[in-house]
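Report on one structure; see the data block that follows.
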Amino acid sequence: MRVLINSTMNLKTVLQKYAPLLRNVRAFYIVEALMDKGTVVKFGIAGMSSGNAYHRLEQYNITYGAESKDNTCRGVLVHYIGITEYNRLVKMENTQIYQLEKFLKKEYNSQTEPGRGSERVSKVHLQSILRTIRTKRFQDVQTKLRDTNRETTKKFQKDQQAFIDSRVHKTRQQTKKN
């Protein structure tokens, strides 16, 4: 897993700065909603089925809003993002990111916040979680493909690209120039 962010940053800044790097990847992230007043962090996975981790992180921005001086409950801080290249030949449950999240849920099960999901833990465990991420190593395990003689599907059997966002899209400026 390649570490993209390993320090505390504002989510809006992360999305602006790292948007291209959050496409065609699977990501493991640790975020903190400012409305929790520094008590809870949430870890999770993004881009598992689509390869577009950007969309999941953008959902936090939509849900909690952008940071504001007028409202201290708005906004999200990102403490960690680790990414792996999306490979559609690796089943979700065989990805290193899924295995890491599953391990952390099991490891920190007794520390979860009451009434919250198993991926939400007290912020006092943040450094311990980051230490675990650095020391634990998991690997993607590619699914064995069955051989087919159908020419129409044979060319797609080894295609590892994401289904969504695998094509290069023109930006607005490129389209205006044409």
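The values are calculated or read from the model by the stated rules, or taken from the named source; none is laboratory data. Bear in mind the structure is a predicted one, so any value in this text is a computation, not a measurement. Cβ: placed from backbone, ideal geometry, glycine included. Neighbour counts: every protein chain shown.
In the condition set (1) free of Cβ contacts under 8 Å to residues at least 12 places away in the same chain; (2) in a helix (DSSP H, G or I); (3) of a type outside the set (Asp, Glu), Phe103 is compliant with all but (1).
Residues in segment 16-56 that are among the hydrophobic types (A, V, I, L, M, F, W, C), closer than 20 Å to Thr72 by Cα and assigned to a helix (DSSP H, G or I): Leu34, Met35. Within segment 53-78, the only residue that satisfies the criterion of being in contact (Cβ under 8 Å) with a residue 60 or more places away in the chain and within 12 Å of the chain's Cα centre (by Cα) is Val78. Note on segment 1-43: among residues that are over 23 Å from Gly117 (Cα atoms), in contact (Cβ under 8 Å) with a residue 40 or more places away in the chain and basic (Lys, Arg), the one that is surrounded by the most Cβ atoms within 10 Å (Cβ to Cβ) is Arg23.
So that you can scan it fast, the table gives a plain yes or no per residue for (1) modelled with pLDDT of 90 or more; (2) surrounded by fewer than 14 Cβ atoms within 10 Å (Cβ to Cβ):
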| position | (1), (2) |
| --- | --- |
| Arg56 | yes, no |
| Gln59 | yes, yes |
| Lys69 | no, yes |
| His79 | yes, no |
| Glu93 | no, yes |
| Gln96 | yes, no |
| Gly115 | no, yes |
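Just one of the numbered conditions (1) touching a His at 6+ places or on another chain (Cβ under 9 Å); (2) over 30 Å from Gln139 (Cβ atoms) is not true of Gly38: (1).
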